[in-house]
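Please read the structure below before turning to the comments.
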Amino acid sequence: MNALPALPILLPLLTGIVCILMRGNLPAQRMASIAGCLLQLVVAVVLMVRVGGGTLIVAQMGDWAAPYGITLVVDVLSAIMLVMSGLLGLLSAVYGLVTMDERRERHYYHAFFQILLMGVNGSFLTGDLFNLYVWFEVMLMASFVLLALGGERPQLEGAIKYVALNFLASALFLAAVGILYGLTGTLNMADLALVLRGSEDPGLITTVSMLFLVAFGIKAAIFPLFFWLPASYHTPPAPVSAIFAGLLTKVGVYALLRMFTLVFTPDTFTLQLILMLAAFTMVTGVLGAAAQMNFRRLLAFHIISQIGYMIMGLGLFTQTAIAAAIFYMVHNIIAKTNLFLIAGIVSHKTGIHDLKQMGGLFKAQPLFSVGFLIAAMALAGLPPLSGFFGKWSLAQSGFAVERYAVTAIALGVGLLTLFSMTKIWNEAFWKPRPADSPLPATPWTWTTRERIALMGPVALLAACSVALGLGAGWALDLCGTAATQLLNPAAYLEAVLPGGARP
Amino acid sequence: MTSLILRTAARYLFPLILLFSIYVLFRGHNDPGGGFVGGLAAASAYVLYALAFDVKAARGLLRVDSARLTAWGLLLALLSGLAGLAAGRPFLTARWGKWTITETWIVKAGTPLLFDVGVYLVVLGVTVTILFALAEGEDEAS
């Protein structure tokens, strides 16, 4: 049973190694990648079932007890995120069967894809701050390669901005880790929590926590540090940008949730600041999106706006608000990835990204259009889809603690999101095909392979959005358990450091 | 670059540096050294050879594809960690064996050594891949 928490890290590593060794055999690499992702999803679901009741699974790597060794901890939040990364990994790998070109595949696309998943899973699992830094680096290295792989001009332009900003974030993160280590002499998160709760200098700790806020804020793309995201996310091939959009910024949000509940106890100043950042993030993201006419760029701005909602849940800092933030994160991962996959299909089929040149897709492709409609309406928050319940429970907890301004902004931004989703719908799907459009006038032809690899993931994610909306009560309960665990870390501390103190 | 002195020296230095890198690898068990710095030293031997002759000759000397070498190194490190799991302990738990060959010659070895050899291969593979690619790019440019 010791193996289980380490498997979400070991499986992608093994799959990545296999992919490098089978360098010349692309079909085998594709199959290995899909099989590896499938196993990850299975392991994540097993972990979810085991921790769903509220117990934690802890593994001390190398049998070195915390706080000296590296600890892997699975609580409900970690398990939820692992399931999401397993699901997205699998769907992106399947989707890549058709949309990924052989030149990129030959240059170790599959291996780096798996290493990216390893970094993401490691970040969700670790209970050690420096180890978190290492997983961030693993994830970033792989994402640099995936972003630049292929070497097209816009890709490199995007990659430079992405690399520069993320290196800055990593430097800040590392500096903050160093300062925290200097203050406390430990980097195990549970041990840090114990030491910092007994600290006599809360001002200094708040200062350090601000460094973490900036570092993770850059990675999560919150205001005003988001500009690298719309500059880079629309440039790589569709499966890469789908997994970036779905997962990578959420790792930053996850780190914020973890640090500001377990390690730091945020004071009113910090919470106020986080709420203001959340409001600005929501508004700037959605306004930026309103100005875009490129399909994927528009969606990239929406990522930012949606991150604001999750940060808002953290800023409200009640059990229901954090549960809502986690629910929102899950909903957003599903809906946003689906939208990127759909944008990828349109460009795969037609080669165009500009919404102005599109049109008549609904007439030509009714079923495909329904997939988009579900994802878009879920994102905008129309009942009975998942986004509605996320926004509803966030707004409810906002009113409960009398944060009227930020809640009003969140609801207003919801309307603007609906506006820009309607814009895509009108431009690409509803309006008649422009006479000079490069789109083919006849319906697209689909091969069976394309039907399975492209429409399969879209249909499955759309079904998830609907199911998450219909089963919102159950899902919110699960997120509630996760939030309770975050806000009452006693069980976490006891599981990692039995007896409470250092041996 | 065609320098007779460098070529002659490189022929003699190459095996010496490789030997030294292996010494550093084993020394790392209890003293400064280890797989990372050992792998770097080994890579420097290949780079010296590539400088003195050319990249093609150095690649021939490596015999295996450098990316493949990296993969095998990773696999070795992974396996060394799995040995702990096989014994029902957490991942990466060290396992030790002791073999008495004669009265005075007792060999103690364990999975951390395997891990270090894996690191050695990864560092060698990655460094050589990067430097050879850069050197070849330069050749093409000139």
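Could you work out the helix-only [θ] at 222 nm for chain B, with each DSSP H run of four or more residues adding -39,500 (n - 2.57) and the total divided by the number of residues, to the nearest 500 deg cm²/dmol? Don't skip to the end; give the middle numbers.
Details: 5 runs with 102 residues, N = 142.
Helix-only estimate at 222 nm: -25000 deg cm²/dmol.
So, counting K/R as plus one and D/E as minus one, what does the shell of residues with Cβ under 11 Å around A:A410 add up to? Kindly include the intermediate steps, with their values, before the conclusion.
On the way: positive: A:K391, A:R403; negative: none.
Net of charged neighbours comes to +2.
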Q.
If you take each beta carbon of peptide B:90-97 and count the beta carbons of other chains within 10 angstrom, what is the mean?
A. 6
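First select every other residue whose beta carbon is under 15 angstrom from the beta carbon of A:L88; then total the charges, Lys and Arg +1, Asp and Glu -1.
Values: positive: A:K250, A:K336; negative: none.
Taking every other residue near A:L88 into account, the sum is +2.
What is the local net charge at A:M48, summed over the other residues whose Cβ is closer than 14 Å to its Cβ (Lys, Arg +1; Asp, Glu -1)? Intermediate results must be reported in sequence, preceding the final value.
Working: positive: A:R50; negative: A:D75, A:D477.
Its environment carries a net charge of -1.
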Q. Relative contact order, percent, of chain A when contacts are C-alpha pairs under 8 Å separated by at least 6 residues?
A. 16 percent
(Q) Using a loss threshold of 20 Å², tell me which positions in segment A:56-101 are less accessible in the complex than in their chain alone. Probe radius 1.4 Å, ligands and nucleic acids ignored. (A) A:M61, A:G62, A:D63
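Rounded to the nearest 0.05, what FRET efficiency do A:S199 and A:R106 have when you use their Cβ-Cβ distance and R0 = 51 Å? Don't jump to the answer; show the numbers that get you there.
Numbers: r = 53 Å, r/R0 = 1.05.
Computed FRET efficiency for A:S199 and A:R106 comes out at 0.45.
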Q.
Suppose all protein chains stay in the model; what accessible area per residue would a 1.4 Å probe give for chain A, in Å²?
A. 34 Å²
Q.
Between helix A:249-258 and chain A, what is the angle of the helix's C-alpha long axis to the longest principal axis, kept within 0 to 90° and rounded to the nearest 10?
A. 20 degrees
Q) Based on Cβ point charges of +1 for Lys and Arg and -1 for Asp and Glu, what charge dipole magnitude is obtained for chain A about its Cα centre, in debye rounded to the nearest 20? A) 1320 debye
Q.
Tell me the angle of helix A:472-487 to the major Cα principal axis of chain A, expressed in degrees between 0 and 90 and rounded to the nearest ten.
A. 30 degrees
Q. Using the alpha-carbon centroid of each, what span in Å lies between segment A:454-486 and segment A:323-392?
A. 15 Å
Q | Computed [θ] at 222 nm, deg cm²/dmol, chain A (DSSP H ≥ 4; -39,500 (n - 2.57); rounded to nearest 500) | A | -23500 deg cm²/dmol
Q. Which angle from 0 to 90°, rounded to the nearest 10, does the C-alpha axis of helix A:129-148 make with the longest principal axis of chain A?
A. 20 degrees
Q. What residue among A:L196, A:Q357, A:A245 has its Cα farthest toward the positive end of the dipole of the protein assembly as shown, where the charges are +1 on Lys, Arg and -1 on Asp, Glu, each on the Cβ?
A. A:Q357
Q: For the A and B pair, go ahead and give the buried accessible area with a 1.4 Å probe, both sides summed, in Å² to 100.
A: 1500 Å²
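Before anything else, pin down the relative contact order of segment B:1-64: Cα pairs under 8 Å, at least 6 apart, normalised by residue count, whole percent.
35 percent
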Q: List, in order, the whole-Hz ³J(HN,Hα) value for each residue of segment B:32-46 obtained from phi through the Karplus relation with A = 6.51, B = -1.76, C = 1.60 and θ = phi - 60°; use x for Gly and Pro.
A: x, x, x, x, 5, 6, x, x, 4, 4, 4, 4, 5, 4, 5
**Q.** segment A:427-503: C-alpha pair distances exceeding 19 Å, %
**A.** 70 percent
**Q.** Cα pair count fraction exceeding 23 Å, expressed as % - segment A:263-364
**A.** 40 percent
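Could you work out what % of the accessible surface of the protein assembly as shown is carbon and sulfur, using a 1.4 angstrom probe and leaving DNA, RNA and ligands out of the count? If you can, show how the numbers build up before the last one.
Working: 17660 of 25620 Å².
Roughly 69 percent, rounded to a whole number.
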Q: Rank A:A175, B:I101, A:F269 by how far each Cα sits towards the positive end of the charge dipole of the protein assembly as shown (+1 on Lys, Arg Cβ; -1 on Asp, Glu Cβ) and give me just the farthest.
A: B:I101
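With r defined as the distance between the Cβ atoms of B:L16 and B:T104 and R0 fixed at 35 Å, what FRET efficiency is calculated, to the nearest 0.05? Write out the running numbers ahead of the final one.
Values: r = 29 Å, r/R0 = 0.84.
According to the calculation, E is roughly 0.75.
Sort the protein assembly as shown into rounded, prolate or oblate with this rule: let a ≥ b ≥ c be the square roots of the eigenvalues of the Cα gyration tensor; rounded if a/c is under 1.5, and if a/c is not under 1.5, prolate when a/b is larger than b/c, oblate otherwise. Write down the numbers at each step before the final one.
Numbers: a/c = 1.95, a/b = 1.28, b/c = 1.52.
Oblate.
Show me the GluC sites (Glu not before Pro) within segment A:147-215 that DSSP assigns to loop and that have at most 12 other Cβ atoms within 10 Å of their Cβ.
Numbers: sites: A:E152, A:E157, A:E200; in loops: A:E152, A:E200.
Answer by residue number: A:E200.
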Q: Just name one of A:L415, A:L478, A:I57: the one whose Cα is farthest towards the positive end of the charge dipole of the protein assembly as shown (beta-carbon charges, Lys/Arg +1, Asp/Glu -1).
A: A:L415
**Q.** 1.4 Å probe, heavy atoms, protein only - residues of segment B:43-81 losing at least 10 Å² accessible area vs chain alone
**A.** B:D65, B:A67, B:R68, B:A71, B:W72, B:L74, B:L75, B:L78
Q) What is the dipole size for segment A:100-245, taken about its Cα centre, with +1 at each Lys and Arg Cβ and -1 at each Asp and Glu Cβ, in debye to the nearest 20? A) 280 debye
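Express the relative contact order of chain B as a whole percentage, based on alpha carbon pairs under 8 Å and six or more residues apart in sequence. Please report the intermediate quantities before stating the final value.
Values: 204 pairs, mean separation 39.0, N = 142.
Contact order relative to length: 27 percent.
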Q: Compute the length gained on full extension between A:M210 and A:T484: take 0.36 nm times their separation in residues and subtract their Cα-Cα distance, giving the result in nm to one decimal.
A: 96.2 nm
Q) Tell me, in nm to one decimal, what length is gained between A:A171 and A:N25 on full extension, where the rule is 0.36 nm per residue of separation less the Cα-Cα distance? A) 48.7 nm
Q | Derived scalar couplings ³J(HN,Hα) [segment A:76-89; Karplus, 6.51 cos²θ - 1.76 cosθ + 1.60; whole Hz; x for Gly, Pro] | A | 4, 4, 4, 5, 4, 5, 5, 4, 4, 5, x, 5, 5, x
Q.
Could you derive backbone 3J(HN,Hα) for segment B:7-17 from the dihedral phi with the Karplus parameters 6.51, -1.76 and 1.60 (θ = phi - 60°), listing whole Hz in sequence and x where the residue is Gly or Pro?
A. 5, 5, 4, 4, 4, 7, 6, 3, x, 5, 5
(Q) Under 5 Å between amide hydrogens, which residues at least 5 positions from A:I57 or on another chain qualify, with H placed 1.01 Å from N in the peptide plane? (A) A:V74
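Based on the Cβ-Cβ distance of A:Y404 and A:W430, what FRET efficiency does E = 1/(1 + (r/R0)^6) give at R0 = 41 Å, to the nearest 0.05?
On the way: r = 36 Å, r/R0 = 0.88.
Once rounded, the FRET efficiency stands at 0.70.
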Q | Virtual spin-label span in nm between A:K356 and B:Y23, 7 Å along Cα→Cβ | A | 7.1 nm
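The values are calculated or read from the model by the stated rules, or taken from the named source; none is laboratory data. No experiment lies behind these values; they were computed from the predicted model shown. With ideal geometry, Cβ positions are generated from the backbone for all residues, glycine too; neighbour counts draw on all protein chains shown. To get the accessible areas, we keep the full protein, side chains included, count just its heavy atoms, and leave off ligands, DNA and RNA. Shrake-Rupley method; radii C 1.70, N 1.55, O 1.52, S 1.80 Å.
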